[in-house]
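Have a look at the structure below before the remarks.
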Amino acid sequence: MTISAQDILNARILIVDDQQANCSLLEEMLREAGYSQVSATMDPQTVCALHRKLAFDLILLDLQMPVMDGFQVLDGLKANAVDDYLPVLVITAQPGHKLRALQAGAKDFVSKPFDLVEVKTRIHNLIEVRLLYQQLARHNQLLERQVQERTAELRESEARYRGLTELATDWYWEQDSEGHFTKVSGPVLEMLGLRVDTLASSTVEPAEEGWNESERQALQARIASHSPFLDVVLNRVHANGVTQQYRVSGTPMFDSKCTFIGYRGFGVEILPRRHD
C-alpha cells in the first residue's frame, strides 16, 4: 500500500482556532505547501457537524477556546466517530495539556508559538497515516466481501455435492466434530454395526449375523480416527448363501479455517452373488 504526494495534498483539512490570526497563518502555510482542500472555523461548536458532513482527513484543533474548549471538541468527535481513528492534531501553549490531549484521543500535538517547519512535517505525517489507515480499511472490507462470497459459493457447492452424492449412492452419513450422527441416509448404521437412538448420540450394538466382523471393525477404526479412505469393501454372508458386498468411502470435513468440523461417508452395494 502506498500513498502518493498528490493524495496527501488533496487531503481535507480543517483548522479550528478562536483567533483569526492563527487560522489565517495556518491556512496560508498549508495552501503555500500545496494543500488544496483547507477550511477553517473559529466556532468550535460547529466542528462535529462539519466533520460528519465532510469527513476531514486532519483537524488542527486549538485546545484553549472560550465557550467550548478543545477537550470538549475531542469528546464530541469521539462520540460521533465512524471509525476508531480520530484524525486530530492539537495546538496548545500549555505543556501540561499535551499528555491529556493524547489520552483524550488526539494523534499528535504542536506547541505555540508555531515552528512552521515542524507543523508542516507533523501534518504531512499524520495525513499519510490517516490515508493508509483508510486504504487498509477498504482493503479489509474487500477481503471480507470476497470471503463472504467464497463462503456462499462453497456452501452452494457443498449442497450440490451432497445432493448428487445421495442420488448416486445407496447410503450416506454425516457426523459432527464429536462423532455424533447428524445425517443418515440408507442402511448406514446396520452396516457400521451402530445403533442411534437420536441423531445426537450413538452407541455400539452387538454384531449382526453374517457380517465380516474384522472388516467392520477395521472400517469403524478408520471412521473413529477421521481417516480418509476410498472403496473399502465390506462383506455380509446371509444364511441362504447370498453375499452382500458394499464399497464404502469416507472423508473428514473442514471449514474455511482448516478446522475439523465432522466426517462423512457414502457407499454403494455391489450386486449380490450366491455361493456354489
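The values are calculated or read from the model by the stated rules, or taken from the named source; none is laboratory data. This one's a predicted model, so the numbers in the text were calculated from it and none came from an experiment. Note that we place each Cβ from the backbone using ideal geometry, even for glycine, and neighbour counts take in every protein chain shown.
Laid out as a table, the results:
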read-out: Any hit, the range 97-115, residues being among the aliphatic types (A, V, I, L, M) and over 21 Å from residue 72 (Cβ atoms); value: no
read-out: Of the criteria (1) under 39 Å from the mean Cα position of the chain (by Cα); (2) farther than 17 Å from residue 133 by Cα; (3) in a helix (DSSP H, G or I), which one residue 8 fails; value: (2)
read-out: Lone qualifier among 162, 150 - being outside the structural domain of residue 267 (by TED's automatic domain parsing), at pLDDT below 80 and under 39 Å from the mean Cα position of the chain (by Cα); value: 162
read-out: Tabulated pairs, the range 174-198, first in the same structural domain as residue 235 (by TED's automatic domain parsing) and among the aromatic types (Phe, Trp, Tyr), second surrounded by 15 or more Cβ atoms within 10 Å (Cβ to Cβ) and at pLDDT 75 or above, C-beta under 7 angstrom, 6+ apart or interchain; value: 181/173; 181/175
read-out: Odd one out for residue 62, checked against (1) free of Cβ contacts under 8 Å to residues at least 12 places away in the same chain; (2) closer than 24 Å to residue 102 by Cβ; value: (1)
read-out: Residue within the range 135-145 that is acidic (Asp, Glu), farther than 18 Å from residue 7 by Cβ and under 29 Å from the mean Cα position of the chain (by Cα) present; value: yes
read-out: Meets criteria (under 18 Å from residue 57 (Cα atoms) and in the same structural domain as residue 55 (by TED's automatic domain parsing)) for residue 98; value: no
read-out: The range 11-43: number of residues that are under 17 Å from residue 90 (Cα atoms) and part of a loop (DSSP other than H, G, I, E, B); value: 5
read-out: Residue ID - surrounded by the most Cβ atoms within 10 Å (Cβ to Cβ), chosen from residues in the range 84-103 that are in a loop (DSSP other than H, G, I, E, B) and under 29 Å from the mean Cα position of the chain (by Cα); value: 87
read-out: All positions within the range 222-261 that are in a loop (DSSP other than H, G, I, E, B), at negative phi and not polar (S, T, N, Q); value: 228, 238, 239, 255, 257
read-out: Verdict on residue 219 being surrounded by 14 or more Cβ atoms within 10 Å (Cβ to Cβ), under 44 Å from the mean Cα position of the chain (by Cα) and either modelled with pLDDT under 80 or at positive phi (or both); value: no
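Here's the yes/no breakdown for (1) among the small types (Gly, Ala, Ser); (2) in the same structural domain as residue 9 (by TED's automatic domain parsing); (3) crowded, with 17+ Cβ neighbours inside 10 Å; (4) not in a loop (DSSP other than H, G, I, E, B):
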| position | (1), (2), (3), (4) |
| --- | --- |
| 45 | no, yes, no, yes |
| 51 | no, yes, yes, yes |
| 61 | no, yes, yes, yes |
| 82 | no, yes, no, no |
